[in-house]
Amino acid sequence: MDLKPGSRWKSAVCTAEFVVVRPPSAPGELACGGHPVVAHAATPPPGLSPSPDASAGSQAGKRYGDAETGLEVLCAKAGVGSPSLSARPLTIRDAKKLPSSD
C-alpha cells in the first residue's frame, strides 16, 4: 500500500473516504472498520462488515493521525468504521491555534 500525499482511499466496509495529508515514516496498512482500505477508484470486496472493535466511526472534515509513524489523513466522507494503521487506532488531531493579532 503506497500512502503518498494526496492519494485517496475508501473503506471496504462503510462509506468513509480518506485523503493522505502526511505519509507514514514506515510502511503500514491503512484500514477502516477492521479491514484494509481500497483505492478510491477500486471496487471494494463484497460481503464485508465493520469489526465491532473498529466501529467507533470516522467524522468528515477531521484529521486523524498516528503518533508512531507521523501518518496524517483527512476524512473526506464520514462512515461507521474507525481508521487504523497496522492495527493501531488513529486519533483525531487537534486544530492548530492561530496566533492572536493585537
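Filtering region 33-40 for residues that are closer than 23 Å to K96 by Cβ and in contact with a Gly (Cβ under 9 Å, 6 or more places away or on another chain) leaves an empty set. Please determine whether any residue of region 85-92 is over 21 Å from A39 (Cβ atoms) and hydroxyl-bearing (S, T, Y). Yes: one or more hits. With respect to the stated conditions, A67 fails to be in a loop (DSSP other than H, G, I, E, B) and at pLDDT 95 or above.
Assess whether A60 counts as being free of Cβ contacts under 8 Å to residues at least 24 places away in the same chain, within 23 Å of D94 (Cβ to Cβ), in a loop (DSSP other than H, G, I, E, B) and not aromatic (F, W, Y). Yes. Taking V37, is it buried (at least 18 other Cβ atoms within 10 Å of the Cβ) and in contact with a Lys or Arg (Cβ under 9 Å, 6 or more places away or on another chain)? Spelling it out, V37 is indeed buried (at least 18 other Cβ atoms within 10 Å of the Cβ) and in contact with a Lys or Arg (Cβ under 9 Å, 6 or more places away or on another chain).
Annotation: P50 fulfils all but one of (1) under 12 Å from the mean Cα position of the chain (by Cα); (2) not in a strand (DSSP E or B); the unmet one is (1).
Screening S101 with (1) of a type in the set (G, A, S); (2) in contact with a strand residue (DSSP E or B) (Cβ under 6 Å, 6 or more places away or on another chain); (3) in a loop (DSSP other than H, G, I, E, B) gives one miss only, at (2).
The values are calculated or read from the model by the stated rules, or taken from the named source; none is laboratory data. Only a predicted model underlies this, so the values are computations on that prediction, with no experimental measurement involved. Counting neighbours? That spans all protein chains shown, and the Cβs are built from the backbone with ideal geometry, glycine included.
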